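No lab work stands behind these numbers, since they all come straight from the coordinates. Keep in mind that what you see is a predicted model, and the values were worked out from it rather than measured. Every residue, glycine among them, receives a Cβ derived from its backbone with ideal geometry; neighbour counts consider all protein chains shown.
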Amino acid sequence: MQITITTGDITRRDTDVIVNAANSSLLGGGGVDGAIHRAAGPKLLAACRELRRTSLPQGLPTGLSVATEAFDLPARWVVHTVGPNAGAGETDPELLRSCFRTALAAAEELGAESISFPAVSAGVYGWDPETVADIGLQELLDHQPGTLQRAEFVLFTDHLAGIFSRRYRELAG
Ligand code: ADP
């Protein structure tokens, strides 16, 4: 699987899947979640409400992922993952690792060939971006691809992209 790191707005990516750093309510929020809901249009919120009503009445637990259509976005699907909230004491790296694993598994289940990730938990949820880069990139490097051929991190700032690029060079050797 080819891995790339780029600066940009994930809502503009036309990969098969974009990953949303959602919260467990799945009903929208700030940051990348808000941007994705704004760009996808109201049908995305309706699809999330339907998931809550049918299969996830308690919401989506931290570390798990679920897919919806992407509606007005250029992507085909949104995979919503719930990153751990460091501010609420969720500091176990396994929770963040699980976000990347379950999002990749959801994309494979959809038959996706390409996927874009944001820096899950590196915003309001307060994780150190170096740690997010370390865990996220390691999971991408360890992934045994089925249908997926390309994975990218789409970082909001050049500063963040620099952190991810440096870490990628170290990990990939
Ligand atoms: P979390 O609650 O999981 O920390 P946030 O949305 O607060 O999620 O932040 C996660 C990362 O997403 C941050 O690095 C933030 O700068 C970035 N981000 C915000 N909007 C976008 C966007 N449109 N595209 C890509 N990344 C974004």
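Assign one of three labels to segment 1-98, namely rounded, prolate or oblate, based on the Cα gyration tensor with a ≥ b ≥ c the square roots of its eigenvalues; rounded applies when a/c is under 1.5, prolate when it is not and a/b is larger than b/c, and oblate otherwise. Present the calculation step by step, with values, prior to reporting the outcome.
Working: a/c = 1.71, a/b = 1.09, b/c = 1.56.
Verdict is oblate for segment 1-98.
Would you mind putting 154-160, 141-147, 106-112 in packing order, based on average other-beta-carbon counts within 10 Å, highest first?
Those peptides, ordered most packed to least, come out 106-112, 154-160, 141-147.
For a protection proxy built on the mean count of beta-carbon atoms within 10 angstrom, sort 53-59, 6-12 highest first, please.
Answer by packing, highest mean first, reads 6-12, 53-59.
For every helix of n ≥ 4 consecutive DSSP H residues, a contribution of -39,500 (n - 2.57) applies; sum these over the chain, divide by its total residues, and give [θ] at 222 nm rounded to the nearest 500 deg cm²/dmol.
That calculation yields -13000 deg cm²/dmol at 222 nm.
Which order do the peptides 114-127, 34-47 come out in when sorted by mean C-beta neighbours inside 10 angstrom, highest first?
114-127, 34-47
Going by Cα centres, segment 25-103 and segment 106-149 are how many Å apart?
14
Could you tell me which of rounded, prolate or oblate describes segment 49-96, using a ≥ b ≥ c as the square roots of the eigenvalues of the alpha-carbon gyration tensor, with rounded for a/c under 1.5 and, failing that, prolate when a/b is larger than b/c and oblate otherwise? Write down the numbers at each step before the final one.
Details: a/c = 2.96, a/b = 1.59, b/c = 1.86.
Oblate, since a/c reaches 1.5 and b/c is not below a/b.
Helix 93-110: angle to the longest alpha-carbon principal axis of the chain, degrees 0 to 90, nearest 10?
70
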